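In what follows, a structure is listed as structure tokens, so that the remarks can point back to it.
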Amino acid sequence: MIAETARRLRENIQKVIVGKDEAINLALTAVLCEGHVLLEDVPGIGKTTLARALAVSLGCTFRRIQFTPDLLPSDVTGINWFNQKKQEFEFRPGPVMSQVVLADEINRATPRTQSALLEAMQERQVTIDGVTHPLPRPFLVLATQNPIELEGTFPLPEAQIDRFLLRIAIGYPDEKEEAAILERFRLEDPLADLQAVTTPEEVIALQQERRRVRVEESLRDYIVRVARATRSHAEIQLGASPRATLALYQSAQAWAAIQGRDYVLPDDVKYLAPHVLTHRMMLSSQAQLRGRRPQELVAGVVDKVPTPVED
């Protein structure tokens with residue numbers, strides 16, 4: 001059921017996004033885990049378009065927040081305002097009270113505003129003036145940031161980065177795909193006519209089904225060893241947290257389900273490790289001076305940890 005729904009969602013999104021199977025499948029992996037995605041790439045790649053197409057395809061409500069230095073936390077979560085006619089305070093929900101939220105250029109807002117998303121991302125709720133408001137389900141935050149232009153930005157704190165299930169880089173299209181983009185957008189925007197292929201209720205049911213994907217004990221141990229190996233690596237100052245271990249476990253379940261399997265393979269863990277772990281790690285100063293990249297270190301860790309084999 002998950003594989004068939006994922007296929008329909010992927011084909012629907014590809015009516016707007018040309019190619020990019022990997023990025024779409026990773027986004028669907030986050031949806032199945034009810035996790036959040038950090039889209040990190042240069043401008044003009046299609047990050048916002050992917051988020052909008054995903055929300056429409058899922059049949060979910062969608063709101064976009066443009067993060068700027070003058071954005072306030074209340075602009076994200078909402079406020080209690082005084083209704084003079086009724087002589088009482090009323091809650092005016094902010095854009096975070098939506099099922100799919102695009103936090104565009106999240107690193108341009110101040111840390112205070114960035115932290116307004118922390119409770120929403122982890123607890124699926126926001127607290128305003130002592131009153132807790134639950135968020136709609138499913139709930140997904142897709143945050144974008146430009147890794148090239150860093151002037152006037154505020155780096156995301158480790159506590160917030162750790163709450164992103166996956167980091168995805170969409171990448172440039174090849175020559176044929178770029179030509180196809182011109183043809184597809186020649187007469188009209190295909191996003192305007194895009195229709196939903198699922199409902200929020202179906203998505204929640206699929207999230208529950210994902211939990212039943214089998215992960216053998218040897219594979220669970222393998223995931224733990226990979227995460228722990230990042231903490232003892234000489235070139236990694238801050239390794240993967242237990243939350244990262246759980247994220248790798250859940251992502252492997254979702255990825256296997258998308259591929260049409262009800263069990264996880266070691267290759268699923270190896271493939272997802274860079275997307276789950278690299279943004280959560282902090283390299284040592286010596287590793288940075290040598291120009292080492294987190295992707296290289298994760299690949300080295302995965303290669304060194306013994307892979308479980310079938311008896």
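The numbers here are math on the coordinates, done by the rules we state, and not lab data. Treat the numbers as computed from the prediction; the structure is a model and nothing was measured. Every residue, glycine among them, receives a Cβ derived from its backbone with ideal geometry; neighbour counts consider all protein chains shown.
Close amide H contacts of residue 78 (hydrogens built in the peptide plane, cut-off under 5 Å, sequence separation of 5 or more or a different chain): 94.
3J(HN,Hα) along region 207-223, derived from phi through the Karplus expression 6.51 cos²θ - 1.76 cosθ + 1.60 where θ = phi - 60°, amounts to 5, 5, 5, 4, 5, 8, 5, 7, 10, 5, 4, 5, 6, 4, 5, 4, 4 Hz, with x in place of Gly and Pro.
Which pairs in the list 47/304; 20/270; 47/176 are over 28 Å apart, alpha-carbon to alpha-carbon? The pairs that break the limit, which is 28 Å between Cα atoms, are 47/304. Whole-Hz Karplus values for region 3-18 come out as 4, 5, 5, 4, 5, 5, 5, 4, 5, 5, 5, 6, 5, 10, 8, 7 Hz, taken residue by residue from phi with 6.51 cos²θ - 1.76 cosθ + 1.60 and θ = phi - 60°; glycine and proline positions read x.
Positive end of the dipole of region 107-233 (Cβ unit charges, origin at the Cα centre): among 185, 166, 226, the Cα lying farthest that way belongs to 226.
Charge dipole of the chain (Cα centre as origin; +1 on each Lys and Arg Cβ, -1 on each Asp and Glu Cβ, all else neutral): 500 debye, rounded to the nearest 20.
Need one number: the % of Cα-Cα pairs in the chain sitting beyond the 30 Å mark.
Result: 37 percent of Cα pairs exceed 30 Å.
Approximating the spin labels as points 7 Å out from Cα along Cα→Cβ, the residue 87-to-residue 112 distance works out to 3.4 nm. Amide H contacts under 5 Å for residue 71: 110, restricted to partners 5 or more places along the chain or on a different chain, H placed in the peptide plane at 1.01 Å from N. Rounded to the nearest 500, the helix-only mean residue ellipticity at 222 nm of the chain stands at -13000 deg cm²/dmol, with each DSSP H run of n ≥ 4 adding -39,500 (n - 2.57).
For region 89-104, 3J(HN,Hα) computed residue by residue from phi via the Karplus equation (6.51, -1.76, 1.60; θ = phi - 60°) reads 7, 10, 8, 10, x, x, x, 5, 7, 9, 7, 10, 10, 9, 9, 7 Hz, glycine and proline entered as x. Close amide H pairs (under 5 Å, H built 1.01 Å from N) link residue 135 with 125, 126, residues at least 5 positions away or on another chain. With neighbour counts taken as other beta-carbon atoms within 10 Å, the residues 172, 222 rank, fewest first, as 172, 222.
Rounded to the nearest 10 degrees, the angle from helix 47-58 to the longest Cα principal axis of the chain is 80 degrees. For region 191-301, the ratio of Cα radius of gyration to the globular rule of thumb 2.2 N^0.38 Å stands at 1.28.
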